[in-house]
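The values are calculated or read from the model by the stated rules, or taken from the named source; none is laboratory data. Computed from a predicted model, the values in this text were never measured in an experiment. Cβ placement follows ideal geometry from the backbone for every residue including glycine, while neighbour counts extend to all protein chains displayed. With ligands, DNA and RNA removed, areas are computed over all heavy atoms of the protein, side chains included. Shrake-Rupley method; radii C 1.70, N 1.55, O 1.52, S 1.80 Å.
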Amino acid sequence: MDHYIDITVLPDPEFPATTLMNALFAKLHRGLVDHGGQDIGVSFPEVVQGKRALGQRLRLHGNSLSLDRLMAIGWMQGMRDHVTITSVQPVPAGVQHRVVRRVQAKSSPERLRRRLMARKSIDAETARTAIPDSAAEMLELPYVEIASRSTEQRFRLFIEHLEPVPTPREGTYGNYGLSSSATIPWF
């Protein structure tokens with residue numbers, strides 16, 4: 001994690017910045033799948049704790065070779081008119097580090113009831129009593145909205161930036177560029 005690329009969404013009269021960030025992140029996800037590595041992390045440097053917006057800048061973190069390889073596969077097709085992209089840059093010295101991870105809410109009581117019914121062989125009424133509608137968990141985190149390639153359903157991918165720490169932690173990143181334990185440089 002010694003290099004980075006900043007991708008900034010440009011103002012557009014036809015599309016809100018959140019719509020463009022959603023599209024950019026969806027393309028990045030497909031690019032990371034095609035890239036095949038687990039060595040590229042993502043952060044949102046303009047995120048404000050307590051707000052639900054990620055900002056207009058997405059930062060890719062990795063080593064120079066991996067970032068060059070990702071950018072060479074053409075995953076940005078269709079987005080280049082809507083963003084500015086920096087070249088691969090070295091991470092400044094003396095930076096903090098932080099985990100940027102996905103958080104999944106238990107927001108669908110109906111889905112939780114179906115799982116409970118399947119696991120415990122109980123009827124729908126018993127499941128409804130065990131898991132009332134009020135059990136839905138609502139997150140106050142920023143998110144991107146993307147579509148599943150397998151089910152084509154749209155969903156919110158909630159993203160949490162944990163508190164900065166002075167030392168990096170090694171690990172791998174998933175196909176969204178997020179990790180539950182590995183850090184990215186924060187500056």
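Flag not set for Ala135, criterion: open to solvent by less than 60 Å² (accessible area, probe 1.4 Å), at pLDDT below 85, under 22 Å from Gly174 (Cβ atoms) and of a type outside the set (Asp, Glu).
Residue-wise test of (1) under 12 Å from Met79 (Cα atoms); (2) open to solvent by 80 Å² or more (accessible area, probe 1.4 Å).
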| residue | (1), (2) |
| --- | --- |
| Tyr4 | no, no |
| Leu10 | yes, no |
| Pro13 | no, yes |
| Thr18 | no, yes |
| Phe25 | yes, no |
| Ile40 | no, no |
| Ser43 | no, no |
| Glu46 | no, no |
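Between a residue in the range 71-89 that is closer than 12 Å to Leu58 by Cβ and any residue that is of a type in the set (Ser, Thr, Tyr), which pairs come within a Cβ distance under 7 Å, given they are 6 or more apart or on different chains? Note: pairs meeting the criteria are Val83/Thr8; Thr84/Thr8.
Applying the condition of being free of Cβ contacts under 8 Å to residues at least 60 places away in the same chain and in a strand (DSSP E or B) to the range 41-58 and asking which residue is nearest to the chain's Cα centre (by Cα) yields Leu58.
Comparison of His35, His82 shows that the only residue that is within 20 Å of Leu178 (Cα to Cα), surrounded by 13 or more Cβ atoms within 10 Å (Cβ to Cβ) and of a type outside the set (A, V, I, L, M, F, W, C) is His35. Close contacts from the range 131-156, counting a first residue that is part of a loop (DSSP other than H, G, I, E, B) and a second that is at pLDDT 85 or above and open to solvent by 100 Å² or more (accessible area, probe 1.4 Å), with Cβ to Cβ under 8 Å and a gap of 6+ residues or different chains, come to Ser148/Arg154.
The single condition among (1) open to solvent by 50 Å² or more (accessible area, probe 1.4 Å); (2) more than 18 Å from Ile159 (Cα to Cα); (3) touching a residue at least 24 places away in the same chain (Cβ under 8 Å); (4) not β-branched (Val, Ile, Thr) that Asp68 does not satisfy is (3).
Residue-by-condition table, conditions (1) modelled with pLDDT under 85; (2) surrounded by 10 or more Cβ atoms within 10 Å (Cβ to Cβ):
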position	(1), (2)
Ser107	yes, yes
Arg115	yes, yes
Glu125	no, no
Glu160	no, yes
Pro168	no, yes
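Kindly provide the set of residues from the range 75-98 that are in contact with a strand residue (DSSP E or B) (Cβ under 7 Å, 6 or more places away or on another chain) and assigned to a loop (DSSP other than H, G, I, E, B), ordered by number.
As a first pass, look at the range 75-98 and keep what is in contact with a strand residue (DSSP E or B) (Cβ under 7 Å, 6 or more places away or on another chain): 82-86, 88-91, 95-98.
Scanning the range 75-98 gives Thr86, Val88, Val91, Val95.
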